[in-house]
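Shown next, in structure tokens, is the structure this report addresses.
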Amino acid sequence: MFAVLPIARKLLARMIAVLSILWLAACDPVGGGIGTGGGQGQPIDPSGPVAVALLVPHGSSSPGEAALARDLEAAARMAVADLGSVKIDLRVYGTAGRPAQAQKAALNAVADGAKIIIGPLHAESANAVAVAVAPSNVNVLAFSNNPTIAGGNLFILGQTFDNTADRLTRFAVRQNKRRILTVSSSNLAGQLGQQAIAQAAANAGAQIVGNIAYDFSQEGVVAAVPQITSTAGSTAADAIFLTANSAGALPLFAQMLPENGLSPASIQYMGLARWDTPAQTLELPGLQGGWFAMPDTAKAARFQARFQQTNGNAPHPIAGLAYDGIAAVGALIKTGKRNALSKSSLTQSAGFQGVDGVFRLRNDGTNQRGLAVATVRDGKVVILDGALQSFGGAGF
């Protein structure tokens, strides 16, 4: 039986009981996106206040979601205050974290005159909202990171696996790491992650030499380790791409794989998730020298400090998405165009400056964010390749 270090055991205990709320927004079981309809957007009067609806999970029975709702609203109000001469009439609607309630809130918002909707959180709720308001030509900027729901009048603000995989894979190819072995869980998050890595590899000129899928349990992780080490050797893989996060299987893999012959010195470790949260994850042996992607650290730190000073608590990790949504809408209103909230305006190539750096919305409803490539050295984060600062022009 494999020994498990205390830190790995402590973090692994959260695997089933506590899933990251970042992926609550992505892993709701929903059908495909709402298609290509909608997206025209409501016309506005840029000289007066523009009604913007914010849908957050106020009223949720989950304490975590209730706290997130509070932080999302607080971040949105910070963004409104920062807009200066641009006037936004922010109207907040509670969804209780449920699709039916979110859809009702969205219809009420449109009836109240909302020109665009920011939120909701969960993929299933976002899909329901977008379908309901598409006939009114209202666009939706949801907090989800699930690309399967994006399209038509529905845009997602959350950082996607596709974005992260593309950034890391292109960097890997530049470092002559072209033979990639992926390790992914057999649940929806793992499947989406594996697909994103496969597409990124095809785009960057890398090769997926194997994929090991494991059951999302401690037993599943342990059982996968021999197969991973064997496949890495037989395929001459020079990089291993893990989809797991710190609340899941990452701590156990980061310990057990090096213990079983797959050390960071012999193969390049890469991660689809943030490896710097919680901070003790950085102590894991298998992550030393590994690569992961993260936002612009300086900009993220400034937002966190401002939020703390303004609201008396540190922001939830995805609270900044509400700020980004409001800031993007404000930037477009500032152009003075009546069609500022149309799909063509929302997807301007220059993008927008958000709390974590530059981002832009794509025609397919997904997004691209400027990300840095980081590594772990002696338990500390070191930036190897800085985040993109612009997409060739200022968003606002």
Using only the alpha-carbon atoms, how far is helix 250-259 inclined from the longest principal axis of the chain? Give it as 0 to 90 degrees, nearest 10.
20 degrees
Quick one: what does P(r) look like for the range 75-164 with 5 Å bins over all Cα pairs, in whole %?
3, 15, 25, 23, 18, 11, 5, 0
The chain, relative contact order [Cα under 8 Å, separation at least 6], %:
20 percent
P(r) for the range 148-201: what percent of alpha-carbon pairs falls in each 10 Å bin, starting at zero?
23, 46, 25, 6
Output the pairs from K87/K334; K87/K337; K87/K115; K177/K380 with a Cα-Cα distance over 20 Å in this structure; if there are none, say none.
K177/K380
Helix-only estimate, please: 222 nm mean residue ellipticity of the chain, summing -39500 (n - 2.57) across DSSP H runs of length 4 or more and dividing by its residues, to the nearest 500.
-11500 deg cm²/dmol
Listed residues G113, G193, G325, most fluctuating in the chain (Gaussian network, C-alpha, under 10 Å)
G113
Which whole number of Å³ per residue matches the convex hull of the alpha-carbon atoms in the range 34-107?
108 Å³
Over its alpha-carbon atoms, the range 257-396 yields an Rg and a Dmax in Å of 18.1, 62
Considering only Q42, Q309, Q207, give the residue with the highest GNM mean-square fluctuation for the chain, with springs between Cα atoms whenever their separation is below 10 Å.
Q309
Could you give the radius of gyration (one decimal) and Dmax (whole number) of the Cα atoms in the chain, in Å?
21.0, 69
Calculate I(q)/I(0) for the range 191-343 by the Debye formula, one identical point scatterer on each C-alpha and no solvent, and give its log10 at q = 0.08, 0.10, 0.14, 0.17 Å⁻¹ to two decimals.
-0.35, -0.51, -0.83, -1.03
If only Cα atoms are counted, what is the Rg of the range 331-396, and what is its Dmax, in Å?
15.1, 53
Expressed in Å to one decimal, the Kirkwood Rh of the range 153-259 from all distinct alpha-carbon pairs is 14.2 Å
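Laboratory data are not the source of any read-out in this text; all were calculated from the coordinates shown. Source: prediction; values computed, not measured.
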